[in-house]
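To start, the structure itself, in structure tokens.
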Amino acid sequence: AGRQTIDVVRAGLSYRFGDAAAAGDMPLKAFASASAFAPPAWAGFYIGAHVGYGWKSNDFQEVIAVAPLRTVGGIGSEGWVAGGHFGHNWQYGTWVLGAELDLSATGIKGTSAAVVRNFAGGISITDTSGDDVQLLGTARARIGYTPFSDWLFYGTGGLAWESVDRFDTTIIVVPGSTQFASTRIPRVHFGWVAGAGIETKLFGSNWIGRIEYLHYDFGSVDAMTTVVTTPATPGGTFADVQGRQTI
């Protein structure tokens, strides 16, 4: 089990469809009737790409049923993020409301600390667990404030989705040979995302640069389990402990 969260800082470049100039940017000599129909600086559809870096926390614990009990747990992951986004803004004076969809491929991966069990005769077993985040997606609302025509400060939040592989590896060493056993299980998780960012129009054009931070929370994605031996034996009761996963 685990609480999975992901934190991402990313930079983006977008192109807004429509006229580049805002009503406030029209020449002073323009007729009032003409400037009244000039589009707001941020309204309209846009499409873009982003790159960045993310780090993930998964604080699950998996107990290995041996005496004494051993625990594998705590996966810290990090890596690159890159993808695309598409959205639409509506502007009301200095306030901007919007909706955005995005999808990112990632190299966010990590492995727990190894747990080594040693047995008589030079035999040892080493266990590790890891996460490998393949894709991240969001559907978010945005609300922003533009104190200047070329700058937008915004908050954002909505639904989050991840495709992540859980992999478990066991290495068994016996005198004269080493055996490897590995499993990789793809999973899909849903959660929430929230963040904030800054956008600026580049050189007064329709090209928009941004820097933003997003926090993904996928909650406890596995059920806690408890095992009790009957009749009771020392170390016979153990449990897999839930955590949470964030990016």
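The values are calculated or read from the model by the stated rules, or taken from the named source; none is laboratory data. Computed from a predicted model, the values in this text were never measured in an experiment. As a convention, Cβ positions derive from the backbone with ideal geometry for all residues, glycine included, and neighbour counts pool all protein chains shown. Surface accessibility is based on the protein's heavy atoms, side chains included, excluding ligands, DNA and RNA. Shrake-Rupley method; radii C 1.70, N 1.55, O 1.52, S 1.80 Å.
Within segment 141-153, residues that are within 16 Å of residue 88 (Cα to Cα) and without any contact (Cβ under 8 Å) to a residue 60 or more places away in the chain sit with their Cβ atoms under 9 Å from residues that are surrounded by fewer than 17 Cβ atoms within 10 Å (Cβ to Cβ) and among the polar types (S, T, N, Q), at 6+ positions apart or across chains, in these pairs: 145/94. Restricting 168, 150, 131, 102 to residues that are touching a strand residue (DSSP E or B) at 6+ places or on another chain (Cβ under 9 Å) and either among the small types (Gly, Ala, Ser) or at pLDDT below 85 (or both) narrows the list to 168. Contact map, segment 103-131: first residue within 25 Å of residue 8 (Cα to Cα), second residue part of a strand (DSSP E or B) and basic (Lys, Arg), Cβ cut-off under 6 Å, separation 6 or more or different chains; pairs are 108/56. Annotation: residue 247 fulfils all but one of (1) touching a Leu at 6+ places or on another chain (Cβ under 9 Å); (2) at pLDDT 90 or above; (3) open to solvent by less than 60 Å² (accessible area, probe 1.4 Å); the unmet one is (2).
If you go through segment 181-226 and keep only what is of a type outside the set (Lys, Arg), open to solvent by 50 Å² or more (accessible area, probe 1.4 Å) and modelled with pLDDT under 90, you end up with 181, 182, 183, 185, 203, 220, 223, 224, 225, 226. Listed residues 124, 149; which is in contact with a helix residue (DSSP H, G or I) (Cβ under 8 Å, 6 or more places away or on another chain), more than 23 Å from residue 76 (Cβ to Cβ) and open to solvent by 10 Å² or more (accessible area, probe 1.4 Å)? The unique qualifying residue is 149. Quick check on residue 87: is it modelled with pLDDT of 95 or more and not hydrophobic (A, V, I, L, M, F, W, C)? So residue 87 fits the description; yes.
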